[in-house]
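Remarks on the structure that follows.
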Amino acid sequence: MRNYDEEYFFIEEAENEQLPALLPDANTEDRTFRFEAQPVGSPPLVFRNGAHDAQRRRRLSPLRPVPDVLFSGANLVVRTKIRDALLGINIPHLSMHPTVYIDEDDKWHEDFWYMTFTQTFDCWDRKSSDYKATPLVVGGAKLYSVYSYSLDADVLDKVPLEQRLLFKMGGTQDGYIVCHTTMTKHFTSALNTSLVLTKISEY
C-alpha cells in the first residue's frame, strides 16, 4: 500500500506578520465567491488589507513586493502566472476569477485570481487520523476538527492522479488546499514569504 502522506502537502499561510489580511469590499462580500464559481464576465473580486491599521500601530511595514500568493482564509489568491500554469493542467472543480488587491498605498494590483473549489475531496482516513469525535454540522455536512492527518489509500487509489493533483480537503473544518508533490513547483515563488508547504506526514 502506498504511503500517500509522503506525496501530498497542505498549502498553508506563513507566519509573517507583514502579510495582508484580505478584506473584501462591500460588493465582493455580497457574492458567494468562497464556494461558488463566479459568472464569466462578472466584475473582479476586490480586497484590501484588513490588518493595515493594526500593522501600522505596531510599526510593521507592508510586505513589498506583494507576494505571488495571498490567502483568504484557507483559499488562495494567485498571480496570473500561477493561474495560467494551473489552467494548462485542468484541475477538477477549480474556478479562478479575476481579483484586485488594493494595497496600503491605494495601488491596484490587478493580476490576481481567486481560486474557488466548487467541490471538496474527502480523502483522510478516519482510522489513522487524530481528530475530535464530535463534528460540526453545517448544511448537513459533517466537518471535523483534525489534529493530525493520514490519507486514505483506498480512496486515492480509485482516483487517477491527474484528477487529484490539487484539491480542497473535505470533511474538515480546516478546508486546506492540498497539492501533490509534482505541483509544489507552481507555488515556490511565494514559499516562506506568504506560504509554507507542509507534508501531510509532518502536519
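Structure summary
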item	result
Surface share of carbon and sulfur [accessible, 1.4 angstrom probe, percent] for segment 1-102	51
Normalised contact order of the chain, rounded percent, pairs of Cα under 8 Å and 6 or more residues apart	31
Antiparallel bridges, percent of DSSP beta bridges restricted to segment 104-203 (to nearest 5)	75
For the chain: accessible area per residue (Å², 1.4 Å)	53
Over 29 Å (Cα to Cα) - which of 81/142; 158/185; 107/168; 142/185 fall in this group	81/142; 107/168; 142/185
Net length gained if the chain between residue 53 and residue 201 were fully extended (0.36 nm per residue, minus Cα distance)	49.5 nm
J(HN,Hα) series, segment 32-42, from Karplus relation 6.51 cos²θ - 1.76 cosθ + 1.60, nearest Hz, glycine and proline x	8, 6, 6, 10, 10, 5, 7, x, 4, x, 6
Accessible-area composition of segment 109-203, carbon plus sulfur, in percent [1.4 Å probe]	47
Computed lengthening from residue 137 to residue 180, 0.36 nm per intervening residue step minus Cα-Cα distance	12.6 nm
Percent RCO, i.e. relative contact order, over segment 112-158, from Cα pairs under 8 Å lying at least 6 residues apart	38
Value of [θ]222 nm, deg cm²/dmol, for the chain, DSSP H segments ≥ 4, -39500 (n - 2.57) each, nearest 500	-2500 deg cm²/dmol
For the chain, size of Cβ-based charge dipole, Lys and Arg +1, Asp and Glu -1, in debye	100
Part-to-part distance (alpha-carbon centres) for segment 137-203 and segment 87-109, which is given in Å	20
Calculated FRET efficiency for the pair residue 26/residue 154, C-beta based, R₀ 35 Å, to 0.05	0.15
Distant-in-sequence amide H partners of residue 46 (H built 1.01 Å from N, under 5 Å)	25, 28, 100
Relative contact order, percent, segment 75-165 [alpha-carbon distance under 8 Å, six or more residues apart]	25
Simple spin-label estimate for residue 14 and residue 145 in nanometres, 7 Å along Cα-Cβ	2.9
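The values are calculated or read from the model by the stated rules, or taken from the named source; none is laboratory data. All figures in this text were calculated on a predicted structure; none of them were measured in a lab. In this analysis, Cβ positions are derived from the backbone assuming ideal geometry, glycine residues included, and neighbour counts consider all displayed protein chains. Just the protein is used for accessible areas: all its heavy atoms, side chains included, with ligands, DNA and RNA removed. Shrake-Rupley method; radii C 1.70, N 1.55, O 1.52, S 1.80 Å.
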